[in-house]
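Report on the structure given below.
The values are calculated or read from the model by the stated rules, or taken from the named source; none is laboratory data. Given the structure is predicted, the values throughout are model-derived calculations rather than measurements. Ideal geometry is used to build each Cβ from the backbone, glycine not excepted, and the neighbour counts take in all protein chains shown. Areas reflect the complete protein model, heavy atoms only, side chains present, ligands, DNA and RNA absent. Shrake-Rupley method; radii C 1.70, N 1.55, O 1.52, S 1.80 Å.
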Amino acid sequence: MQTRKELGEAYESELVESFLEKVEERIDTTVEKRVRRQLAEQQMVIARGGRPTQGTDDSRSPGPAFGLAALSLVLAIPLSAIAAVQTGLAGLLVCWGGIVGVNACYAARGLLRQGRDADDWD
């Protein structure tokens with residue numbers, strides 16, 4: 001917020017893009033760590049002569065989609081306040097449209113990956 005005040009509205013889109021890139025990088029890093037851990041666990045099970053599990057263990061981890069949704073709601077509070085104070089209802093609607101858009105794109109990306117994996121013969 002302080003950076004936005006100092007730089008002015010001319011750099012607002014760059015600041016928002018930079019913030020979103022950092023959030024996306026953190027989410028991607030977390031997802032990659034979980035995938036690597038699950039693969040290592042499956043390899044250990046196979047090495048011990050067991051059968052690998054076919055699905056993810058939903059009881060242990062709520063999953064990256066839930067994490068993104070929770071993060072979105074947590075970040076929505078200050079972003080909504082900033083948008084409402086700065087631009088009123090129009091800013092609030094744009095803010096929530098962006099939040100919904102990020103979550104929708106993430107969900108669509110997951111659906112596209114599932115469809116692509118089902119079509120692979122390799």
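For segment 63-106, a residue qualifies if it is exposed (fewer than 14 other Cβ atoms within 10 Å of the Cβ) and among the aromatic types (Phe, Trp, Tyr), and exactly one does: Phe66.
Table: residues versus (1) in a helix (DSSP H, G or I); (2) modelled with pLDDT of 90 or more; (3) of a type outside the set (Asp, Glu); (4) under 24 Å from the mean Cα position of the chain (by Cα).
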residue: Lys5; (1), (2), (3), (4): yes, no, yes, no
residue: Glu14; (1), (2), (3), (4): yes, no, no, yes
residue: Arg34; (1), (2), (3), (4): yes, yes, yes, yes
residue: Ala90; (1), (2), (3), (4): yes, yes, yes, no
residue: Val100; (1), (2), (3), (4): yes, yes, yes, yes
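Applying a threshold of 8 Å to beta carbon distances and a minimum spacing of six or more residues, or different chains, the list of pairs starting in segment 37-51 at a residue that is at pLDDT 80 or above and ending at one that is among the charged types (D, E, K, R) reads Val45/Arg51. Whenever a residue of segment 8-28 is closer than 16 Å to Cys95 by Cα, its partners that are hydroxyl-bearing (Ser, Thr, Tyr), lying with C-beta atoms within less than 9 angstrom and at least six residues away or across chains, give the pairs Leu15/Thr3. Annotation: Thr30 fulfils all but one of (1) modelled with pLDDT of 80 or more; (2) open to solvent by 70 Å² or more (accessible area, probe 1.4 Å); (3) of a type outside the set (A, V, I, L, M, F, W, C); the unmet one is (2).
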